[in-house]
Amino acid sequence: MESTSATICRLRVNGDIRECAVTPNTTLLEALRYGLGLIGSKQGCDKGDCGACTVVVDGEAILSCISLALAFEGREITTIEGVARDGTPDPLQDAFDVTGGAQCGFCTPGILMSAWALLQKNPSPTRAEIAHALSGNLCRCTGYTKIFEAVELAAARSGEEAAAAAVGPEP
């Protein structure tokens, strides 16, 4: 018979080491939401079909509802709460606002995390690359066009900022 006693799980979440009690079958989503109070990742299908629970682990978007929390000790986990910096929304979050990429908002954190992981690896993705990166995230409110436009806008803005920084200030 498998032991279901709780153990302390140490997770590096959004740059901080956090601890919570988990059992061997506690999912990463449950640890984040109910153990650590990080409710941005949504509990949707609980079987890895909808992507609402997406978080980024060591640079890769993963489905936290089908991942066991204990497997992520010592790894870098980023949730939607960790994307903004110093109270300023990430350019991707701003782009979703500007383009109307978010509708009801339930799926938005998962989509943002998938897109954020993509932009960390590929700052200038094509529409096809964006569609592929977001293929595991379901949204029932949009036709995805505004979501794709938001990711493209964030990429374009980041590219402009990088170009401006490379040129330096005007004399």
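The values are calculated or read from the model by the stated rules, or taken from the named source; none is laboratory data. None of these values were measured; they are calculated from a predicted model. Because the Cβ atoms are built from the backbone with ideal geometry, glycine has one as well, and the counts that use them run over all protein chains shown.
I'm trying to understand the selection: among the residues of the stretch 41-66, which are outside any helix (DSSP H, G or I), under 16 Å from the mean Cα position of the chain (by Cα) and surrounded by fewer than 18 Cβ atoms within 10 Å (Cβ to Cβ)?
Once the filter is applied, which keeps residues that are outside any helix (DSSP H, G or I), under 16 Å from the mean Cα position of the chain (by Cα) and surrounded by fewer than 18 Cβ atoms within 10 Å (Cβ to Cβ), the stretch 41-66 yields GLN43, GLY48, ASP49, ASP58, GLY59, GLU60.
Considering only residues of the stretch 88-120 that are under 14 Å from the mean Cα position of the chain (by Cα) and more than 14 Å from ALA154 (Cα to Cα), which is surrounded by the most Cβ atoms within 10 Å (Cβ to Cβ)?
Only one residue tops the list, namely GLY110.
Starting from residues that are without any contact (Cβ under 8 Å) to a residue 40 or more places away in the chain and either of a type in the set (Asp, Glu) or not in a loop (DSSP other than H, G, I, E, B) (or both), keep the ones in the stretch 72-87 and report whichever is surrounded by the most Cβ atoms within 10 Å (Cβ to Cβ).
Checking each candidate, the answer is ARG85.
Kindly indicate whether any position in the stretch 37-48 is among the aliphatic types (A, V, I, L, M) and either closer than 26 Å to ILE8 by Cα or free of Cβ contacts under 8 Å to residues at least 40 places away in the same chain (or both).
Within the stretch 37-48 (the criterion being among the aliphatic types (A, V, I, L, M) and either closer than 26 Å to ILE8 by Cα or free of Cβ contacts under 8 Å to residues at least 40 places away in the same chain (or both)), the answer is yes, since at least one residue qualifies.
If a residue must be surrounded by fewer than 17 Cβ atoms within 10 Å (Cβ to Cβ), part of a strand (DSSP E or B) and not charged (D, E, K, R), how many such residues does the stretch 9-40 contain?
2
Just one of the numbered conditions (1) touching a Cys at 6+ places or on another chain (Cβ under 9 Å); (2) surrounded by 14 or more Cβ atoms within 10 Å (Cβ to Cβ) is not true of ARG140; which one?
Of the numbered conditions (1) touching a Cys at 6+ places or on another chain (Cβ under 9 Å); (2) surrounded by 14 or more Cβ atoms within 10 Å (Cβ to Cβ), the odd one out for ARG140 is (2).
Restricting to the stretch 128-146, and then to whatever is in contact with a helix residue (DSSP H, G or I) (Cβ under 6 Å, 6 or more places away or on another chain) and in a helix (DSSP H, G or I), can you tell me which residue is nearest to ASP97 (Cα to Cα)?
Ranking the candidates gives LYS146 first.
Taking the residues in the stretch 121-137 that are within 15 Å of the chain's Cα centre (by Cα) and either outside the structural domain of ALA154 (by TED's automatic domain parsing) or crowded, with 17+ Cβ neighbours inside 10 Å (or both) as candidates, determine which candidate is nearest to ASP58 (Cα to Cα).
Ranking the qualifying residues of the stretch 121-137, first place goes to ALA133.
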